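No lab work stands behind these numbers, since they all come straight from the coordinates. As the structure is a prediction and not an experimental result, all values here were calculated from the model. Note: ideal-geometry Cβ built from the backbone for every residue, glycine included; neighbour counts use all protein chains shown.
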Amino acid sequence: MDIQFVLYKLALAGIILLVSLVIAMYATLAERKVAGFFQDRLGPNRAGTFGLLQPVADGVKLFMKEEFMPATADKFLYLLGPCLTMLVALLSSAVIPWGKSINIGGVDYSLQVADINIGVLYVFAVVSIGVYGVMIGGWASNNKYALMGAVRAASQMISYELAMSMSIVTIVMTTGSLSLNEIVAQQPGIHWNVWTQPIGFLVFTICVFAECNRAPFDLPECETELIGGYHTEYSSMKLGFYLFSEYINMFIASAMISSLYFGGYNFPFINDLGLSQNVLTLLGTGIFFCKIGVFIFLFMWIRWTLPRFRYDQLMRFGWKTLLPLAIANVILTGFFHLLFKN
Amino acid sequence: MIPNSKNKIVLTKRSKVVSNKTMTWIERLYLPAIFQGMAITLSHFFKKEVTIQYPEVQRPVSDIYRGLHVLKRDDQGRERCTACGLCALSCPAEAITMIAAERKEDEMHLYREEKYASLYEINMLRCIFCGNCETACPKEAIFLTERFVPSQTKRDKFIYGKDVLVEPKDAPIDISKRQTPEVLAFKKDKTQSHNK
């Protein structure tokens, strides 16, 4: 491993970190804008043209707020909660293939920070840690609403992780690899996994909504019942971390959906354009971000359309509908795979 | 249960009988209903926004809208108000306060008649914008206009004195829409009971 390689990977990780943060920042603005448009309003438009400085204003506002900590809170865990949530939200971007590779001076530089051969497993591991951030934050606040939110979050995330893993098992079966790079590479042109795995896609998308605590699965933080849920006792930038990590999660989740089911950086007629490798890679990355944008919009579209689940409905839906559906999908896929591929 | 449906009280014709029928298999999937809902929200996404951007754009108001008051001057720029106190008397909210003073020799160009209001205040938090002061005024001195009373952060900022209420000499405030010739003729009509 030479020094050049290490420097390149460090730079790439830095860029991806920056891009994730900027996109999450503007996702908060997009959310408010989209909400406005869905409700025949304009959304924020006073801070800068089209409200482009609104995220900055929000950030400044959060920083200026009083830093409050409940007297009975566990100091260390109380601080650990938002940090862990933020860390975990950013971790999974390491294995997502953002593009093919760029050729500089005869050396190929892959646009993926870590092409580990168990990429999918890594994502699941990281996502599972995500529940600790919420759980620890809710527990350390020493508040009944926060604890209720944390309990809900924990049970919801664990329940929906099962169905999510099951829906990915089918992808792994058809691809024969756990590496995200390999999964994306096997969907050239328009041969996307969504055409062969529509049920898997549906189950995965629903579960991702639940994992991100987004409406209609926003029970952990539902304002109307739990006045904020697990982050009831958080203020200032610690609250900002929780809210911000939700948008990073949304961005990463959209990237996962795009790369698992919609071909990632692949797009139709990729080889008919007659462009050089570097241009194609950049174009593919652009297309990938467009797909991510579409899914972020879907997240918001659903949020402003559907009402929240009741807790028993949430559990019944996860265990009695999604999990059996995902298992049936695995069995069916295995059956067809054996029948036609060999 | 309602024993006789003929005796049922019908308040509106919109009432629907709630049916508790079991849902079909397609309905229990919920997906068609979800897509229907998403189509509805998306149709609103492309609809024209109803927002009126207030300070820059103002909602059009009626010609006789009752907003912020104005104390008029006559055509020579003299204040019309003679501090008779009829507006304060007619005010149901008791929002108007005034102190009368006698015009001096050198103030002929400032006030139309011998008596004038040295202090004239309207408490905008008390005012209910009924327009009774305008109706009561025998000198066509006070009118309500279509201007708004802007928001303030201090309560005492809402007590408007003559500095705000009297129209500026160089920028007279047009009240011709509400004081039409017909209205003026009615006000001065000696056969009407209000002028007896």
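Among A:79, A:226, A:332, whose mean-square fluctuation peaks in a Gaussian network model of chain A (Cα, cutoff 10 Å)? Highest fluctuation among the options: A:332. Using the Cβ-Cβ distance between residue B:64 and residue A:227 with R0 set to 41 Å, the FRET efficiency works out to roughly 0.30.
Phi angles across segment A:290-298 convert, under the Karplus curve 6.51 cos²θ - 1.76 cosθ + 1.60 with θ = phi - 60°, into 3J(HN,Hα) values of 4, 4, 4, x, 4, 6, 4, 4, 4 Hz, Gly and Pro given as x. Note on chain A: lysine pairs with Cα distance below 21 Å, sequence gap of 8 or more or different chains, count 10. Summing charges over all other residues whose Cβ lies under 14 Å from the Cβ of residue A:42, with Lys and Arg as +1 and Asp and Glu as -1, gives +3.
For the pair residue A:22 and residue A:311, a Förster radius of 41 Å applied to the C-beta separation gives a FRET efficiency near 0.70, rounded to the nearest 0.05. Cβ crowding within 10 Å, taken as a proxy for footprinting-reagent exposure, orders B:127, A:83, B:87 from fewest neighbours to most as A:83, B:127, B:87. By the count of other C-beta atoms within 10 Å, a proxy for reagent exposure, A:164, A:173, A:135, A:86 are ordered fewest to most as A:173, A:86, A:135, A:164.
May I ask which of B:162/B:187; B:104/B:154; B:21/B:48 have a Cα-Cα span longer than 28 Å here? The partial results should precede the final answer.
Working: B:162/B:187 25 Å; B:104/B:154 36 Å; B:21/B:48 39 Å.
Check vs 28 Å cut-off fails for B:104/B:154; B:21/B:48.
Quick one: grab the alpha carbon gyration tensor of segment A:274-342, order the square roots of its eigenvalues as a ≥ b ≥ c, and give me rounded if a/c is under 1.5, else prolate or oblate depending on whether a/b is larger than b/c. Note, shape of segment A:274-342 comes out oblate. Whole-Hz Karplus values for segment A:110-120 come out as 6, 8, 10, 5, 9, 8, 7, 6, 10, x, 5 Hz, taken residue by residue from phi with 6.51 cos²θ - 1.76 cosθ + 1.60 and θ = phi - 60°; glycine and proline positions read x. Axis angle, to the nearest 10 degrees, between helix B:31-45 and the longest C-alpha principal axis of chain B: 20 degrees.
At residue B:163 and residue B:24, where each label point lies 7 Å from the Cα along Cα→Cβ, what is the point-to-point distance in nanometres? Once both label points are built, they end up 7.4 nm from each other.
Would you work out if segment A:1-119 is rounded, prolate or oblate? Take a ≥ b ≥ c from the square roots of the eigenvalues of the alpha-carbon gyration tensor; rounded if a/c is under 1.5, else prolate when a/b is larger than b/c, oblate otherwise. Verdict is oblate for segment A:1-119.
Our coupling estimate for segment A:316-326, obtained by passing each phi through the Karplus curve with A = 6.51, B = -1.76, C = 1.60 and θ = phi - 60°, is 4, 4, x, 7, 9, 10, 5, 5, x, 4, 5 Hz, Gly and Pro reported as x.
Under a Cβ-Cβ cut-off of 13 Å, what is the net charge of the residues other than residue A:73 that fall near it, where Lys and Arg count +1 and Asp and Glu count -1?
Details: positive: A:75, A:238; negative: A:67, A:74, A:233.
The answer is -1.
Among A:126, B:50, a tally of other beta-carbon atoms within 10 Å of each Cβ gives an order, fewest to most, of B:50, A:126. Could you tell me which of rounded, prolate or oblate describes segment B:61-196, using a ≥ b ≥ c as the square roots of the eigenvalues of the alpha-carbon gyration tensor, with rounded for a/c under 1.5 and, failing that, prolate when a/b is larger than b/c and oblate otherwise? Judged from the Cα gyration tensor, segment B:61-196 comes out rounded (a/c under 1.5).
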